[in-house]
Amino acid sequence: MDKPNPVDLILINGKILTVNPHFDIVEAVAVKNGRITAVGGNQAVRALDGPGTKIIDLAGATMLPGINDAHMHAPFFGATRPPLALDLTFPAVQSIGDIVEAVRRKAAEVKPGEWIRGFGWNQGSLKECMNDPAMFPRRSDIDPVSPNNPVILTDFSGHTILVNQKALELAGLHKDSPDPVSGEVERDPQGELTGIFKELGAQALVTSHVPILTREEKRIALLTAISILNSHGVTSFTDAAIGPGGEAYVGGVMSAEFVDIYRELLAEGKLTARVTILLLLGNYGALTYKDLDEGLRTFKIPTDLDREWLQFPGVKIFADGIPLTYTSWMNEDYVSGNYGHGVSVIPGRTDQEQNDNLVSMIGLVHNHGFQVGVHATGDRAIDAAVDGFVLAMKNKPGGDPRHYLIHGDFISAETCRRLSAINGGVAMQPTIEAMISDFEPSVVGEQRAAYEWPMRTALDNGVNLTSSSDAPITVPNWILGVENAVLRESLTSGAVSGPEEAITVKEAIRTYTINGAYQDHLETVKGSIEVGKVADFCIIDNDILTVDPHLIRNIKVLKTIVNGKIVYEG
Ligand SMILES: [Zn+2]
């Protein structure tokens, strides 16, 4: 006789890390209508099957809750990958010769005049550049293979671009063009432009001529991103800057149009990850109180959606830049260069004015009932942002906004405690640590570099710590992120940076699952494998809890399941 209520899906014979408060490990899980209905031993769960039940035998594989990437830029990431851009990341590209070859092949495919975009080259991993920091790929390398097409190749960090002669022509740039107010246009000894443009101020001279992505290209960008995320086991992410401020940024990859495209994909059943959006209500990197005020009053923020899938709870504010370019706003001076203690991007003539403006901008967003995510890397910016959170909540108490810092590189223990008292959080990026920790001592000195990204301090002081990729800045590879959070080893040199700030594998997994759900105000819905929660899972080919931490990076994702359906199979 058929059982009364057979389930849709059963997964058995697994090592299932529930990430419940006790981090219990079980063998089996049952799913019905996209929700988890049972968690436990093989026999008890197996007994819930019926004629239509799909059974997945995990054969000893490890399964975790679906991964949450708590801070990234999905359409921006998708626009940097094929088919919209050449893949210039390591190991696809290992030399300047490889870059030239990729451009040559693309130029043969496209029509004359069509822009060729590429993304991800990293000087540090190009054969010709390794022993010479002044060596870059230059337009003299790519001009011969791209006479008829403008070419723009962005490096992995987004801080440097390489363009060819055709692109310079279209942008009206030549030997006698004046230098930009900020950033650097590289010239050879004769004063000719080499095609290398550093920082946004200089890049804008060219990027303002790159056509905005069409609506169809934007859809492709987003779908590309989601399918790559799914392949890494990601089932939830925060898209950290979409809105009216993003129209002009890098081909419109943060455009408000994405609000509609997300809605469209959800309605079509093509949204195979749960999405939280932080709104960008003014110019990227130059946001003002007036922008926020206008945006909050006029921008139509969707409130009619199933927030388990797509929600718009928050607003993004940028307080400063990043340490590598001396644009983090610090309490103490940098150890090299003439950059003082860096600078805030918040309007104001003095540190105090910038501090006060940031505090009032946070208060404004908070008073409208939104969560605030503040990009803050320097400790001065971090302290000012947390001052803003605390004051805003004192002036208008109630609710549980869970305001948070994005990056939070140098947050002090004291500031962690103030943040924890208001249920605040920090979204850090261990994969960025892995990539750039070698360079930090030359910028902020050994001591601050070792402390940077203080995960141990954040957890010990009660902060809701989440982990993320900031894709396209790094590949959304949470497995590498867990390894780095545990070992704090540089990917390039293997050098350990600040071992006292390491956290455990279990803690690192929480930062990629339940803590992200908490940041999203959805900790009762997702983030752990417990009865009643959504059936979002990530199945991997090795036991991440017991494998030698140096081998964590070799772990592969076997399957990704969202709402009880397989969305990726390796
Ligand atoms: Zn970001």
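Every number in this text was worked out from the coordinates using simple rules, so none of it is lab data. Everything numeric here is computed off the predicted structure, so don't read it as measured data. So basically every Cβ, Gly included, is an ideal-geometry build from the backbone, and we count neighbours across all protein chains shown.
Evaluating 6.51 cos²θ - 1.76 cosθ + 1.60 at θ = phi - 60° for every residue in the stretch 400-405, the Karplus couplings come out as 8, x, 6, 4, 8, 8 Hz, glycine and proline recorded as x. Highest average first, the peptides 104-113, 44-53 ordered by how many other beta carbon atoms sit within 10 Å of their residues are 44-53, 104-113. Given 20 °C and 1.002 mPa s, how large is the Stokes-Einstein diffusion coefficient of the stretch 142-254 in µm²/s, with Rh as the Kirkwood radius over Cα pairs? My calculation gives 135 µm²/s for D. Share of antiparallel DSSP beta bridges in the stretch 267-403, in percent to the nearest 5? Taking every DSSP beta bridge with both residues in the stretch 267-403, the antiparallel ones total about 0 percent. Near Ser95, the amide H atoms lying under 5 Å from its own belong to Lys127; only residues 5 or more places off or on other chains count, and H is placed 1.01 Å from N.
Between the alpha-carbon centres of the stretch 171-213 and the stretch 524-552 there is a gap of 46 Å. Seen from a random direction on average, the alpha-carbon convex hull of the stretch 331-394 projects onto 4.5 square nanometres.
Against the compact-protein benchmark of 2.2 N^0.38 Å, the Cα-based radius of gyration of the stretch 183-245 scales to 1.64.
Here the ratio of the Cα radius of gyration of the stretch 12-82 to 2.2 N^0.38 Å is 1.45. Taking the Cα centroid of the stretch 54-94 and of the stretch 390-426, what is the distance between the two, rounded to the nearest whole Å? Between the Cα centres of the stretch 54-94 and the stretch 390-426 lies a distance of 30 Å. A cut-off of 5 Å between modelled amide H atoms, ignoring neighbours fewer than 5 places along the same chain, links Lys32 with Asp8, Thr37.
Extents of the stretch 275-362, largest first, come to 51, 25, 17 Å (Cα atoms, principal axes, whole angstrom). Its alpha carbons give the chain an Rg and a Dmax of 23.8, 88 Å. In sequence order, the stretch 129-137 has phi-based couplings of 9, 3, 9, 8, x, 8, 8, 10, x Hz under the Karplus curve 6.51 cos²θ - 1.76 cosθ + 1.60, θ = phi - 60°, and Gly or Pro positions carry x.
Over all other residues within a Cβ to Cβ distance under 12 Å of Glu114, the charged ones net out to +3, with Lys and Arg as +1 and Asp and Glu as -1.
Only helices enter this figure: runs of n ≥ 4 DSSP H residues, each worth -39500 (n - 2.57), summed and divided by the residues of the chain, yield -8500 deg cm²/dmol at 222 nm to the nearest 500. Three principal axis extents of the stretch 86-173 based on alpha-carbon atoms, in descending order, are 35, 26, 21 Å. Within the stretch 293-333, all pairs of alpha-carbon atoms sorted by distance into 10 Å bins from zero give the percentages 21, 30, 21, 24, 4. When the Cα atoms of the stretch 398-483 are aligned to their principal axes, the ranges along those axes come out at 42, 28, 18 Å in descending order. The stretch 435-482 and the stretch 483-514 have Cα centres spaced 8 Å apart. How large is the Kirkwood hydrodynamic radius of the stretch 325-460, counting all unique pairs of alpha carbons, in Å? When all Cα pairs of the stretch 325-460 are included, the Kirkwood radius is 15.3 Å. Ellipsoid semi-axes for the stretch 193-305, based on the Cα gyration tensor and the rule √(5λ), read 26, 20, 12 Å when sorted largest first.
In terms of Cα atoms, the Rg and Dmax of the stretch 441-537 work out to 14.9, 50 Å. Of the Cα atoms belonging to the stretch 374-446, the radius of gyration and Dmax stand at 13.7, 44 Å.
Put simply, the amide H of Thr466, placed in the peptide plane, has neighbours under 5 Å in Val426, Ala427, Met428, leaving out anything fewer than 5 places away on its chain. For the stretch 346-401, the relative contact order is 38 percent, taking Cα pairs closer than 8 Å that sit 6 or more residues apart in sequence and dividing their mean separation by the residue count. Remark: relative contact order (the chain) = 16 percent; criterion is Cα-Cα distance under 8 angstrom and separation of 6 or more residues. Each Cα pair under 8 Å and six or more residues apart adds its sequence gap; the mean of these over the residue count of the stretch 467-570 is a relative contact order of 21 percent. A P(r) calculated from all alpha carbon pairs of the stretch 13-54, with 5 Å bins opening at zero, reads 6, 23, 30, 25, 12, 4, 1 percent.
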